[in-house]
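Only one structure is covered here, and it is reproduced in the block below.
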Amino acid sequence: MQEYLNVLVKLQDLDSNIGRIQEAKVNYPQKIESLREKLRKEKSINDQKRERLKNLEQERRSKERNLEQEIVRIKKSEEKLLLVKSNKEYHAALKEIAMAKESNSEEEENILIILEELDILKKELVGEEENLKTMTIECEKEESALAEKLEEFEIELGEKTQSRNELLSDIDSEILKTYENIRKHRQGIAVVQAKDGFCQGCYMDIPPQLYNDVQRGDELLSCPNCNRLLYFTNDT
């Protein structure tokens, strides 16, 4: 029976390693996607600012064109004042010119506000694009490292699975069935060490007589608390 226990301990070690690798195989692609998503968000913010910059430039040019046209129109209106004959027409023309100049003054203020925002955006984009470039390089390196590690996991998983299959031929079918059933209900751990009178699976006391029986290794024995199979070694 001790021979079976030794095989079960090896099987448990293989299964624990296989579980770790399978978990990593799930987590690593998620890590890669997380890196890509982070980069996508940064690019999206950068693109939004570039679009805002483009729209502001268009708005500035449009306002400047309108302002130039209004200045020309005011100049023509001022020249027409010399041709006005009635006092009423003269005051109406003056009022129209005054209103146009006031409107132009407001438009000049709006253009200044746009220019200030443009200046801020351009400075931000210079720094952010440099950061984005650095971040892209770092993400590509990290993604490459993760992909390489994932390939290593695939190879290791193949080797562990092969070793497991070879080991199964040395285990009695009923014992294997018991092992698999316990593993299914105990978070993948079916075989644990009995040490210093404690089960190393649930860390509860093992009755003294049971602990003595486990040390002898003459039969398959389970922890009365967690039902995991127990084995004993003289390791300190």
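The values are calculated or read from the model by the stated rules, or taken from the named source; none is laboratory data. Predicted, not measured: the structure shown is a model, and the values here were computed from it. Quick reminder, even Gly has a Cβ in these numbers, built from the backbone with ideal geometry, and neighbours come from all protein chains shown. Heavy atoms of the whole protein, side chains included, go into the accessibility calculation; ligands, DNA and RNA do not. Shrake-Rupley method; radii C 1.70, N 1.55, O 1.52, S 1.80 Å.
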Exactly one of K49, K10, K31, K63 is closer than 30 Å to V214 by Cβ, surrounded by 14 or more Cβ atoms within 10 Å (Cβ to Cβ) and among the charged types (D, E, K, R), and that residue is K10
Residues within the stretch 189-216 that are out of contact with any Pro (no Cβ under 9 Å at 6 or more places or on another chain) and either in a helix (DSSP H, G or I) or open to solvent by less than 20 Å² (accessible area, probe 1.4 Å) (or both), tallied | 12
All-but-one check, A190 against (1) under 20 Å from N6 (Cα atoms); (2) in contact with a helix residue (DSSP H, G or I) (Cβ under 6 Å, 6 or more places away or on another chain); (3) at pLDDT below 95, failing number (3)
Of (1) open to solvent by 100 Å² or more (accessible area, probe 1.4 Å); (2) over 30 Å from R50 (Cα atoms); (3) charged (D, E, K, R); (4) assigned to a helix (DSSP H, G or I), E78 satisfies every one except (1)
Quick one: which of E151, E143 is modelled with pLDDT under 95 and either surrounded by 14 or more Cβ atoms within 10 Å (Cβ to Cβ) or touching a Cys at 6+ places or on another chain (Cβ under 7 Å) (or both)?
-> E143
